[in-house]
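Remarks on the structure that follows.
The values are calculated or read from the model by the stated rules, or taken from the named source; none is laboratory data. Source: prediction; values computed, not measured. Ideal geometry is used to build each Cβ from the backbone, glycine not excepted, and the neighbour counts take in all protein chains shown.
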Amino acid sequence: MNELERWANFYLLTSAAAATLIGLLFVIITLAAERRVEGGAAKIRLYLTPTIVYFGSVLGVAALLTFPNHTRLTATLCICLAGVVGLVYSGTSLIGGGDKKSFEERQDLISYAIVPFVAYGLLVVGAVLLLHHPQRGLTFVAVGMLTLLTLGIRNSWAIAIDVSTRPGRQNSK
């Protein structure tokens, strides 16, 4: 499909960014573990897991769309699969299947449930549009991917600030 070839550089850049940011998140996890931040393990699990999922989604969609010899149908199926899985994942936090009470602020619910739900919805809408209007569909997919990437960066920054500003536990010897 010729339309995907025009987007190849975009997918390479977004996949490289997502993979690099996943690596940096592991640095944050290591720093938090070394500092032994109080309540850190539960918070890291609550806030870091969705962020890894966002970066992984961007990486996965970009990787799937760089396969050679895609047809519009196969590209649509790949994007829809990623989008629907993301909608289910973010939807569980949104409707209460996730641990909604664990989020400290309403802004956290927006950043970890509502915005990702919209971004994954953009992936699905883009995939459906891809069948009939390839450039419009791929633009929607790109906006969804960039939204997830931006959200992951915002959440990573919030996690890094939280980990670095909390006092660590004292080592008892």
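Going by the structure shown, is Ala160 at pLDDT below 85 and surrounded by 14 or more Cβ atoms within 10 Å (Cβ to Cβ)?
Criteria met by Ala160.
Checked against (1) farther than 20 Å from Leu13 by Cβ; (2) surrounded by fewer than 16 Cβ atoms within 10 Å (Cβ to Cβ); (3) modelled with pLDDT under 95, Arg136 passes all but a single condition, namely (3). Candidates Leu94, Leu130, Leu109: the one that is surrounded by 14 or more Cβ atoms within 10 Å (Cβ to Cβ), part of a helix (DSSP H, G or I) and modelled with pLDDT of 85 or more is Leu130.
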